[in-house]
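Derivation of every value follows stated rules applied to the coordinates shown; laboratory data play no part. On a predicted model such as this, the values are computed, not experimentally measured, just so you know. Note that each Cβ is placed from the backbone with ideal geometry, even for glycine, and that neighbours are counted across all protein chains shown.
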Amino acid sequence: MILGLTIPQFTVLHVLISFVGIGAGLVALPAFARGRILPRTNAIFLWFTLLTSLTGFLFPIVAFTPALGTGILSTLILIFAFVAYYGRKLAGRAATVYAVSATAALYLNMFVLVVQSFLKVPALNALAPNGTEPPFAAAQGALLLAAILFGYVAVKASRRRIAT
């Protein structure tokens with residue numbers, strides 16, 4: 001039991017929290033890249049993405065795994081996003097720090113979504129049962145390329161914000 005829930009129930013809660021964070025990030029960060037700040041959506045993105053990482057640490061840990069490493073990395077990246085957004089109010093270079101850290105946090109959450117999709121969705125699992133096959137690599141490569149391109153646009157927008 002975790003927080004009074006069975007592991008399957010807690011897993012569903014963790015996944016729902018992840019989906020909320022991803023959904024909010026897919027709305028808030030493109031708006032940020034266009035120069036618009038959506039305070040509520042950004043808050044939902046940041047807090048639910050942090051909750052995703054933190055609830056991940058509540059699962060039984062028997063050894064260091066890639067999932068644990070991803071959770072640690074995501075939490076560390078989110079510290080920068082929180083400080084830039086809440087502490088520095090996106091002033092000056094904090095806007096660039098937010099653009100990079102928020103993009104990286106969203107990427108990591110979506111990276112895990114792709115991994116879990118290939119593990120849990122039968123049609124995807126049939127294409128890449130070991131997670132090392134070309135369809136899996138192509139999906140992760142496309143996600144990484146999209147994150148890099150989006151991050152570039154977000155950083156450019158943050159620099160325009162600094163200049164004004």
query = Applying the Karplus parametrisation 6.51 cos²θ - 1.76 cosθ + 1.60 with θ = phi - 60° to the phi angles of the stretch 92-108, what ³J(HN,Hα) value in whole Hz is obtained for each residue in order, glycine and proline being reported as x?
reply = x, 5, 4, 5, 5, 4, 5, 4, 6, 5, 5, 4, 5, 5, 5, 4, 4
key: Per-residue HN-Hα couplings for the stretch 74-89 [Karplus 6.51, -1.76, 1.60; θ = phi - 60°; Hz; x = Gly/Pro]   = 4, 5, 5, 5, 5, 4, 5, 5, 5, 5, 5, 7, 8, x, 9, 6
Dmax and Rg, reported as Rg then Dmax, of the chain (C-alpha, Å) = 16.6, 52
Contour excess over end-to-end distance, with Cα ends at residue 9 and residue 76 and 0.36 nm allotted per residue = 21.4 nm
key: Relative packing of 73-79, 59-65, which averages over residues the other C-beta atoms within 10 Å, highest first   = 73-79, 59-65
remark   = With x for Gly and Pro, the residue-by-residue ³J(HN,Hα) of the stretch 145-153, computed from phi through the Karplus equation 6.51 cos²θ - 1.76 cosθ + 1.60 at θ = phi - 60° and given in whole Hz, is 4, 4, 5, 5, 5, 5, x, 4, 5
key: Centroid-to-centroid separation of the stretch 1-41 and the stretch 93-137 [C-alpha atoms, Å]   = 15
task = At 7 Å along the Cα-to-beta-carbon direction for both residue 43 and residue 67, put a label point, then send me their distance in nm to one decimal.
result = 3.1
message = Highest mean first, how do 93-105, 33-45 rank when packing is the count of other Cβ atoms within 10 Å averaged over residues?
response = 93-105, 33-45
task = Compute the normalised compactness of the stretch 1-76: alpha-carbon radius of gyration over 2.2 N^0.38 Å, N being the residue count.
result = 1.24
request  = Taking the Cα centre of the chain as origin, sum charge times position over the Cβ atoms of Lys and Arg (+1) and Asp and Glu (-1), and report the length of that vector in debye to the nearest 20.
outcome  = 900
inquiry  = Relative contact order for the chain: what percent, with Cα pairs under 8 Å and sequence separation of 6 or more?
reply    = 24
note = Residues whose modelled amide H sits under 5 Å from the amide H of residue 88, counting only those 5 or more places away in sequence or on another chain, are none
